[in-house]
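Written below as structure tokens is the structure these notes are about.
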Amino acid sequence: IALTALGTVTNPDLIQKALNLILDPEIPIMDVSFISISLSSNKKARWAFWNYLKENYDAIYNRLNANRIVFDRFIKFTLGKFSSDEAYEEIKSFFASKNTYGFERSIDQVLDGIKTNSSWVSRDKDDVKEWLNTHGYI
């Protein structure tokens, strides 16, 4: 519960501190997903999470891939939160040069999901904004 809560912070300094917990040896490997999923779900932290993952990929991979299922789920449940063509291209490009053995299917699913999310946002964002405005939500 505490790790999940830490992933909801919005202050950039606190986001960085929360990101650093991913590689903190005091955080059990099986618990890294709690903060990672929370940070990647947090619209204020999502891109910081992605940048941290890119910058620390080898260390994160080495830490979590001792159990392929853990790393597979880490990828699947963190990177699928994006909804832009920019994110799609960055993630696709980043993993094109990586050995994705054991989580290649998750990468494909993540990319398919991002493409779907991006298409939905492009197609429907104006209608959703209008509805929210009409009903007094914004």
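Note on Tyr137 and Gln16: the extension gain reaches 40.4 nm, defined as 0.36 nm multiplied by sequence separation minus the Cα-Cα distance. Extension gain, Val128 to Ala59: 0.36 nm times the residue separation minus the Cα-Cα distance gives 20.8 nm.
Please give the calculated 222 nm ellipticity per residue for the chain, where each DSSP H segment of at least 4 residues contributes -39500 (n - 2.57) and the sum is spread over every residue; nearest 500 deg cm²/dmol? Write out the running numbers ahead of the final one.
Details: 8 runs with 97 residues, N = 138.
Only helices count here, giving -22000 deg cm²/dmol.
For a straight C-alpha distance cut-off of 17 angstrom, the lysines reachable from Lys44 (same-chain residues fewer than eight places away being disregarded) are Lys17, Lys81.
Expressed as a whole percent, how much of the Cα-Cα distance distribution for region 8-121 exceeds 16 Å? All intermediate terms of the calculation are to be shown ahead of the outcome.
Numbers: 3682 of 6441 pairs.
Counting every Cα pair in region 8-121, those more than 16 Å apart make up 57 percent.
Ignoring the sites themselves, what is the longest stretch of the chain with no trypsin sites (Lys or Arg not before Pro) in a DSSP loop and at most 15 other beta-carbon atoms within 10 Å? Show your work: numbers first, answer last.
Details: sites that count: Lys43, Lys44, Lys98.
In the chain, the maximal stretch lacking such sites is 45-97.
Residue-wise HN-Hα couplings along region 75-92, as the Karplus relation 6.51 cos²θ - 1.76 cosθ + 1.60 with θ = phi - 60° gives them from phi, are 5, 4, 8, 10, 7, x, 7, 6, 8, 9, 5, 4, 5, 4, 5, 5, 5, 4 Hz; Gly and Pro carry x.
FYI, it's all coordinate maths here, none of it is from the lab. From a predicted model like this one, the values you see are computed outputs, not experimental measurements. So basically every Cβ, Gly included, is an ideal-geometry build from the backbone, and we count neighbours across all protein chains shown.
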